[in-house]
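The values are calculated or read from the model by the stated rules, or taken from the named source; none is laboratory data. Since we're looking at a predicted model, the values are computed, not measured. Here the Cβ positions follow ideal geometry from the backbone for every residue, glycine too, while neighbour counts run over all protein chains shown.
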Amino acid sequence: MKNKLVKKILFYKKGFADAFKLAPIVSEKYGFKRGGVIASELWCLLRYGASPVDYVRFEFYKKNHQERNRYLTIRRYRKLLKKFGFYNKTTYGKIAEYKTFANYIHRPWIVADKETETQFIIDFINKQGVVFAKPDHGDQGKGVMRIKADDSKTIEQLINDCRRRAYVVEGTIEQAPEIAAINPSSVNTVRAFTLLKHNGEVQILSIMLRVGRKGSHVDNWGSGGVAYDFDIETGICVGYGRDKQNNPYIFHPDSNVRMVGFCLPNYDQLIKTIVGLAKLVPQARMVGWDIAITPIGYELVEMNCPGGHDILQAFGKPFGDVFRREFN
């Protein structure tokens with residue numbers, strides 16, 4: 001009970017601080033009075049559970065009560081997370097995930113932990129040439145290491161780190177040429193959100209392509225990547241992309257590739273892959289799937305449960321109603 005109260009106090013304390021920090025962004029962009037923006041941010045924090053970041057990202061300053069109330073805000077999202085608490089605590093980790101979805105993962109990989117022999121790790125890295133080491137528990141690309149076979153310093157760091165926490169060490173993914181052309185330094189992935197409904201039907205909520213920035217090895221929003229929204233029926237990019245700061249991009253900001261009208265290859269195969277993945281773990285009813293596009297098809301990169309409320313609704317489509325209907 002005390003823990004819950006402390007978390008609530010910290011939530012609102014941060015919200016109040018962020019309201020003052022972010023108000024100038026809206027005020028300067030639209031000419032609103034700063035005090036009015038702060039008051040509106042705080043009202044939305046209390047009324048809808050929308051953090052000031054939600055307020056800016058979902059453009060609550062343009063919306064009325066009915067429109068705001070349709071969004072899955074951070075407070076509502078955290079309540080949703082409790083629905084997945086047991087799943088997350090007992091099975092959610094990259095090692096368990098890779099075993100569960102083995103048929104959808106085609107790259108070589110190993111577990112590196114305190115039980116793994118050092119020479120086994122070194123031999124695997126030497127064979128692959130380049131590997132990615134991902135913490136068993138982590139998100140938004142945090143803690144991911146790109147390691148070359150001749151990089152003895154980073155190999156030593158991995159060997160030391162894996163004695164404290166487990167890693168998945170995996171070979172690289174070859175991207176389809178048209179996807180690599182957008183940004184060749186990162187594996188640019190489809191992020192597909194699914195909801196497994198009470199009747200067992202898989203509903204695809206959103207499909208987007210996340211693309212890294214020049215020189216970055218990850219495409220994650222939290223690491224500076226740009227996400228582009230795609231029409232679920234056709235697999236065609238239907239508008240500008242956004243980064244986590246809500247900046248719009250018609251073209252990729254580094255390669256200048258025009259994204260509007262871009263079509264995902266072999267789209268029917270992608271839909272079959274997404275539905276197949278969602279049915280494998282029915283207890284994880286809401287998932288954000290990261291899927292690579294390779295020259296021979298689609299390959300799972302990782303599963304995110306539930307996957308984040310921000311990027312899901314970044315393109316003006318609220319999902320609060322969907323989750324109220326399915327989870328209340």
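Taking the stretch 257-298, which residues are among the β-branched types (Val, Ile, Thr) and either surrounded by 13 or more Cβ atoms within 10 Å (Cβ to Cβ) or not in a loop (DSSP other than H, G, I, E, B) (or both)? Hits for the stretch 257-298 are 257, 260, 271, 273, 274, 275, 281, 287, 291, 293, 294. Within the stretch 253-268, residues that are touching a residue at least 60 places away in the same chain (Cβ under 8 Å) sit with their Cβ atoms under 7 Å from residues that are basic (Lys, Arg) and surrounded by 17 or more Cβ atoms within 10 Å (Cβ to Cβ), at 6+ positions apart or across chains, in these pairs: 254/213.
Scanning the stretch 267-287 for residues that are of a type in the set (S, T, N, Q) and at pLDDT 95 or above, we see that the one that is nearest to the chain's Cα centre (by Cα) is 273. Out of the residues in the stretch 205-256 that are part of a loop (DSSP other than H, G, I, E, B) and of a type in the set (Gly, Ala, Ser), state the one that is surrounded by the fewest Cβ atoms within 10 Å (Cβ to Cβ). Only one residue fits best here, namely 215.
For the stretch 62-82, filtered to residues that are without any contact (Cβ under 8 Å) to a residue 60 or more places away in the chain and part of a loop (DSSP other than H, G, I, E, B), the residue that is surrounded by the most Cβ atoms within 10 Å (Cβ to Cβ) is 63. Whenever a residue of the stretch 93-111 is assigned to a strand (DSSP E or B), its partners that are among the aromatic types (Phe, Trp, Tyr), lying with C-beta atoms within less than 7 angstrom and at least six residues away or across chains, give the pairs 109/98; 110/124.
When the stretch 16-48 is filtered for residues that are acidic (Asp, Glu) and surrounded by fewer than 14 Cβ atoms within 10 Å (Cβ to Cβ), only 28 remains. Scanning the stretch 26-57 for residues that are more than 19 Å from residue 12 (Cα to Cα), among the aromatic types (Phe, Trp, Tyr) and either at pLDDT 95 or above or in a helix (DSSP H, G or I) (or both) yields one hit, 30.
Taking the criterion of being of a type in the set (Gly, Ala, Ser) and modelled with pLDDT under 95, the residues of the stretch 134-151 that qualify are 138, 141, 143.
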